[in-house]
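Presented below is the structure to which this report refers.
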Amino acid sequence: MNLIPSKLTPIKKFRILWLIPGEEKHPSSMCFVKRQLTVLKERSELQMEVFFMGKTRSPLNLFRRFINLNSVIKDFSPHLIHAQYGTVTSAFGAVSLKWPLVISYRGSDLNPSPGDHWARNLFGKLLSQFSAYRASYIICVSEQLRQKLWRRNIPIEVIPSGVDLELFSPISRNQARRKLEWDQHDPVVLFNAGSNPITKGFGLASDTVKFARHKI
């Protein structure tokens, strides 16, 4: 006697469709997400398909990508969609109503983006917030991001983005300076500007250094 209804047949291989902003071939585009994907493929039996959003500033290109996404969904038939960012990326997942949606919010999808026009900035934040109402589960990389969400009545997990401990491990400041052949006493300010210094707040960092120099 079969005690498991046909609709609840155990899943042999769980299929997850990842929605990732940016270009697949761009080396620095969402590189931390790509590393997570690689590790999951190596250490789990999950079956994963990746859909890169590409350029999303053109309405025509958005329409084309939406058609492409529907084609991927039809062929892959995922059990779950995981949007690896808010804004347009999460919105694409939100309109795919037949599948459970997980959204990972990572920073500028909920925080202000100084490098964007105010209208684009506002529209992106609204897409991020409204997409959350379609999600079954939400991941934020910080507690501060979790507090920014309007919706709170679903599971929200705070999972910081990790680092590769084979590349990065804590050592003393003096040892690090010796390795880099830096002076042991000169003040040093490090700023990761990436490919978009304005969005990362380079102006604020620069003003902070000027203020510190004036005070010190």
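The values are calculated or read from the model by the stated rules, or taken from the named source; none is laboratory data. Everything numeric here is computed off the predicted structure, so don't read it as measured data. Every residue, glycine as well, gets a Cβ built from its backbone with ideal geometry; the counts of neighbours run over all protein chains shown.
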*asked:* Condition (residue is under 30 Å from K98 (Cα atoms) and either of a type in the set (D, E, K, R) or in contact with a strand residue (DSSP E or B) (Cβ under 6 Å, 6 or more places away or on another chain) (or both)) applied to the range 173-185: is it met by at least one residue?
replied: no
*Which residue pairs have Cβ atoms under 7 Å apart, sit 6 or more places apart or on different chains, and have a first residue in the range 104-125 that is more than 22 Å from L19 (Cα to Cα) and a second that is surrounded by fewer than 15 Cβ atoms within 10 Å (Cβ to Cβ)?*
P114/I198; G115/N196; G115/I198
*Condition check for S77: buried (at least 17 other Cβ atoms within 10 Å of the Cβ), of a type in the set (S, T, Y) and in contact (Cβ under 8 Å) with a residue 12 or more places away in the chain*: no
*Restricting the first residue to the range 32-57 and requiring it to be assigned by TED's automatic domain parsing to the domain that holds G124, which pairs with a second residue that is outside any helix (DSSP H, G or I) and exposed (fewer than 13 other Cβ atoms within 10 Å of the Cβ) meet a Cβ separation below 7 Å and a spacing of at least six or different chains?*
E45/K13; Q47/K13
_Here's a check for you: in the range 26-52, which residue that is modelled with pLDDT of 75 or more and farther than 23 Å from Y137 by Cβ is nearest to the chain's Cα centre (by Cα)?_
C31
*Restricting attention to the range 126-154, and to residues there that are in contact with a helix residue (DSSP H, G or I) (Cβ under 7 Å, 6 or more places away or on another chain) and free of Cβ contacts under 8 Å to residues at least 40 places away in the same chain, which single residue is surrounded by the most Cβ atoms within 10 Å (Cβ to Cβ)?*
I138
*Do you know which of the residues in the range 21-61 that are of a type in the set (D, E) and over 18 Å from Y85 (Cβ atoms) is surrounded by the most Cβ atoms within 10 Å (Cβ to Cβ)?*
E45
*Can you confirm whether the range 108-129 contains a residue that is within 14 Å of the chain's Cα centre (by Cα) and of a type in the set (S, T, Y)?*
yes
*Do we find that A176 is in a helix (DSSP H, G or I), under 30 Å from H82 (Cα atoms) and free of Cβ contacts under 8 Å to residues at least 12 places away in the same chain in this structure?*
no
_Count - residues of the range 80-103 that are buried (at least 22 other Cβ atoms within 10 Å of the Cβ) and without any contact (Cβ under 8 Å) to a residue 24 or more places away in the chain_ = 0
